[in-house]
Amino acid sequence: MSERRIDAVAKATGAAKYTADIVLEGMAFAAVKRSDFPSAIIKSIDTSAAEKIEGVLGVYTAKDLPGGANLYGRRVFDVPILAAERVRRVGDPIAAVVATSREIAEAAAELVEVTYEELQAVTTASQALLPDAPAIHDKPWEYEGAVVSAESGRNVQSVDSHGSREAAEAALSKAVNVIDQTYATPGDHQGYIEPQACVADYHKDGSLNVWCTNKSPYRLRDVLSTVFGLDPSRVEIMPTVLGGDFGGKGSPGDGPLCTALSILTGRPIKMALRYTDDLLATDGRHASEIRVRLGTDEEGHLVGGIVEALLDGGAYAGFKPVVTVNLHGIIDAAIAYRVPAFFVESKIVYTNNQPKGHMRAPGSPQAAFAFESALDELGRNSGLGPIKIREINLLADGDENPYGTTWLENRGREVLSLATSQPKDLNVPDGWLYGEGIAIYARSMAAVPKTSLRLRKGEDGRVVAEVPIPENGAGGQTVVREMIRNGLNIDSDKIEVRQVSTSLLPTDAGVGGSRVSLGVTVAVANAIKAWKEMPPEQDMVEITTEAGSDGPSGAYSAQLARVAVDPATGQLRVLEIISAVDVAEIVNPKAHQMQIDGGTVMGFGFGVMEDLLEDGGQPWALTMGEFKIPNVADVPKLTTALLKGGKGVGPNNIKAVGELTNCPTGAAIANAVADATGVRIRRLPIKAEAIYWGLKEGSAK
Amino acid sequence: MKINFSLNGKSMDLDVDPMSLALDVIRGLSLTGTKEGCGVGVCGACTILVDGKPVSSCICLAGTLSDKDVWTVEGLAEKMPDLIDSFVENEGMQCGICTPGQIVSAASLSSADISNPEEIKKYMAGNLCRCTGYQTILSAVEDHLAVN
């Protein structure tokens, strides 16, 4: 049995300290004047009115930044701390005000006068690729970390692909049944409840302390030391509790700006975003247009497939951390299936929309919506039906996936069977149409991230575990305690788990990619072993684990959505979502179940309500009133069926779970709507209007 | 302006800017359990109890607290330890940023308001959570109200 969360009491009593709760002596507050236009040349900036406000300590623009530093990023350094000559999106920071209070700083920022010369904006991904489209960055290939060249074409952030297009085309040309459709999803936001915040405290001796809503402290340290030419050993990222993450808090956030302002003013600087600024100026999920072509033989076996994704990367590429500057979830679109000739291409382009980054399984919710909808359409059109076409084509044990990898096991058919065999106990409103839809998702989970930790003897026989990871809510620190409890056979109340600053441990890869438990468990297992072999005079062990692989392995999920549609209005009610999940051992059953439920609710939000409403270069969903995420009354009945007994990885024999259930939900609901009404929705979120017009016209818009 | 009100059972005399928000005044007293989320009265992270009713302190002027009985999560932790225990035991949280607001809203509910667990959802719909999927929060409130 699992014990309760390590952080529960502090969080339930209001004692847990988040970044916005940090107060330092002499601290000043920052706010920024943001761009009003999606694309414009800055003609002049007049800060005089702002400077006259009582309590304003200084107003700074790009020319004031220390050492001429300006560009930063997670891999591509193309994001300006303050826009210099040009703005590339609504919300680009232009001038920063430092004042004695947050309110004064915000009021003064509004008094900064900017004159612009408006430029034609690129407001959709497809527009960015037109031959006469304006160039959003003059020479994007010159940015540090860029993966494009002058030959890549205008406005391209990155292109990633897998397979042979020619072979896939040839296979499709011989297919008996084919589907060729395009699916679209909107810009989305991680929807964490804690807006991004930062406190930076630079000292004259060249040292810097930073508290930031950031889940990758070691990467943040490296970014800040690179941007400002600081000695990394003098840059210390301090422990904080994260108020939700879902990928968004991998961003350096306002760490670079607050650091610059602290260097300039000699004071600790705090900047806490209002939620509107968070919706306007952070890095959510890429809007997508994904064309899927699949073909089968007479018996329904897939013979070929082509997935072509065009993603709106927004004004900057700098929020994507991986080497490809792309989204592996798109490339992995067919990972659950046997597709003999498969080609996938993912192209991400610059536009004048908000820059996009990582959000819970980057690329996968979009790809799963497209691929699982297309497969469903093909199944229905060819007469096989949506379940049979999946049964026939899901990988079996020993099968190689389209990427040339053979996992330890493939349990797609088992989760499919489990999801479709759950009892039904629902009330369908009178006169409403009822339908069910299925979707599958699988992800690789072999990567073991590098990390480090220390076990130390405390007082009264206590063991103190010092870890580099912030607690983002997923329960990583609780997992550490449980492993130590079991490994050293001591009571939980004798174990203290403490996040320490970046100066006190060598390294960590950051929270993310459903791999915290895996990376941490490898390190903890090593530490427990070393602790047991430790000579009595020694009082601590320190473990560093390198990035590696413990695979190849993967995990599957299948979701069945049960929906009802009012034929008079098109109103959709999702009655139940069944999640069948492929698991091995479960370290903490309650935390595991919350990943399943929380993921499903996020997938449900993606399916039916979330949308940044980016239109004409302006995001219109600028409060949580317009940017809807599910509340408790919105949530359908959630049913979980665990497929136990899987072959896991790592010392605890586990499978990743954090991103298994938010990916298939959009397709499961769309497929259920098609089942109920015959209307095929190919654009998320699913709106009553689209179903209504689909029913009226016999096809969805 | 000068205001007097009861905060977590203690009488408070404060001189506040007429435009200041209850959220900022309370957090300024080092009671940082009350969180700023959406800032527009939607997410519920800033919920406080005012004369027994849940109020979004981010859209409530501090002056309106005058003569009221105000409670935050810190005070409720002392006054209603069983409610805190219910959230802890049910693990009705992950990242924890919405948790104080969830607890304050739950504190305003009594079993008399609720005839079945479904109704709890209506009362708690003003407190958003992005992590848990809500099931453990519902269990915590149900246990507290003993309506299972």
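The values are calculated or read from the model by the stated rules, or taken from the named source; none is laboratory data. Everything numeric in this text was worked out from a predicted model, so none of it was measured. Cβ coordinates were reconstructed from backbone atoms using ideal geometry, including for glycine residues, and neighbour counts include every protein chain displayed.
Residues of segment A:1-39 that are away from chain B (no Cβ under 14 Å) and buried (at least 16 other Cβ atoms within 10 Å of the Cβ): A:28, A:30, A:32, A:33, A:34, A:35, A:37, A:38, A:39.
Of the residues making up segment A:229-241, those that are in contact with a Gly (Cβ under 9 Å, 6 or more places away or on another chain) and either more than 14 Å from chain B (Cβ to nearest Cβ) or surrounded by 24 or more Cβ atoms within 10 Å (Cβ to Cβ) (or both) number 5. For segment B:111-148, the set of residues classified as touching a residue at least 12 places away in the same chain (Cβ under 8 Å), buried (at least 24 other Cβ atoms within 10 Å of the Cβ) and small (Gly, Ala, Ser) consists of B:140 only.
Restricting segment A:53-70 to residues that are at pLDDT below 95 and at positive phi leaves a set whose member that is surrounded by the fewest Cβ atoms within 10 Å (Cβ to Cβ) is A:68. Only one of the numbered conditions (1) farther than 30 Å from residue A:484 by Cα; (2) part of a strand (DSSP E or B) is not met by residue A:581, and that is (1). The single condition among (1) touching a strand residue (DSSP E or B) at 6+ places or on another chain (Cβ under 9 Å); (2) more than 7 Å from chain A (Cβ to nearest Cβ); (3) among the β-branched types (Val, Ile, Thr) that residue B:120 does not satisfy is (1).
Residue count for segment A:8-60, restricted to those that are in contact with a helix residue (DSSP H, G or I) (Cβ under 7 Å, 6 or more places away or on another chain) and assigned to a loop (DSSP other than H, G, I, E, B): 5. Among the residues that make up segment A:115-129, is at least one of them touching a Ser or Thr at 6+ places or on another chain (Cβ under 6 Å), part of a strand (DSSP E or B) and surrounded by fewer than 17 Cβ atoms within 10 Å (Cβ to Cβ)? Yes, segment A:115-129 contains a residue that is touching a Ser or Thr at 6+ places or on another chain (Cβ under 6 Å), part of a strand (DSSP E or B) and surrounded by fewer than 17 Cβ atoms within 10 Å (Cβ to Cβ). Contact annotation: residue pairs with Cβ atoms under 9 Å, 6 or more positions apart or on different chains, pairing a residue in segment A:487-502 that is part of a strand (DSSP E or B) with a partner that is buried (at least 17 other Cβ atoms within 10 Å of the Cβ) and polar (S, T, N, Q), are A:497/A:477; A:497/A:478; A:498/A:477; A:499/A:240; A:499/A:477. Taking the conditions (1) out of contact with any helix residue (DSSP H, G or I) (no Cβ under 7 Å at 6 or more places or on another chain); (2) surrounded by 20 or more Cβ atoms within 10 Å (Cβ to Cβ) in turn, residue A:632 satisfies each one other than (1). There is at least one residue in segment A:153-170 that is more than 30 Å from residue A:624 (Cβ to Cβ), among the polar types (S, T, N, Q) and not in a loop (DSSP other than H, G, I, E, B). When residue B:43 is tested against (1) crowded, with 21+ Cβ neighbours inside 10 Å; (2) without any contact (Cβ under 8 Å) to a residue 60 or more places away in the chain, exactly one condition is not met: (2).
Residue pairs whose Cβ atoms lie under 7 Å apart, separated by 6 or more positions or on different chains, with the first residue in segment A:273-288 and farther than 19 Å from residue A:365 by Cβ and the second β-branched (Val, Ile, Thr), are A:275/A:623; A:276/A:623; A:280/A:90. All of A:552, A:630, A:651 fail the test of being within 13 Å of chain B (Cβ to nearest Cβ) and not in a helix (DSSP H, G or I), apart from A:630. Within segment A:261-299, the set of residues being among the aliphatic types (A, V, I, L, M), farther than 17 Å from residue A:371 by Cα and at pLDDT 95 or above comprises A:261, A:263, A:264, A:269, A:271, A:272, A:273, A:279.
Entry remark, segment A:258-279: residues being within 13 Å of another protein chain (Cβ to nearest Cβ) and assigned to a helix (DSSP H, G or I) number 5 in total.
As a summary of the residue check, residue B:100 satisfies the conditions (1) over 23 Å from residue B:141 (Cα atoms); (2) crowded, with 20+ Cβ neighbours inside 10 Å; (3) in contact with a helix residue (DSSP H, G or I) (Cβ under 7 Å, 6 or more places away or on another chain) except for the one numbered (1).
Any idea which of B:67, B:82 is over 25 Å from residue B:135 (Cα atoms) and either more than 9 Å from chain A (Cβ to nearest Cβ) or hydrophobic (A, V, I, L, M, F, W, C) (or both)? The unique qualifying residue is B:67. Scanning segment A:130-143 for residues that are surrounded by 14 or more Cβ atoms within 10 Å (Cβ to Cβ) and assigned to a loop (DSSP other than H, G, I, E, B) yields A:133, A:134, A:136, A:137, A:143.
Being closer than 25 Å to residue A:126 by Cα, away from every other protein chain (no Cβ under 14 Å) and crowded, with 23+ Cβ neighbours inside 10 Å is a property that holds for residue A:158.
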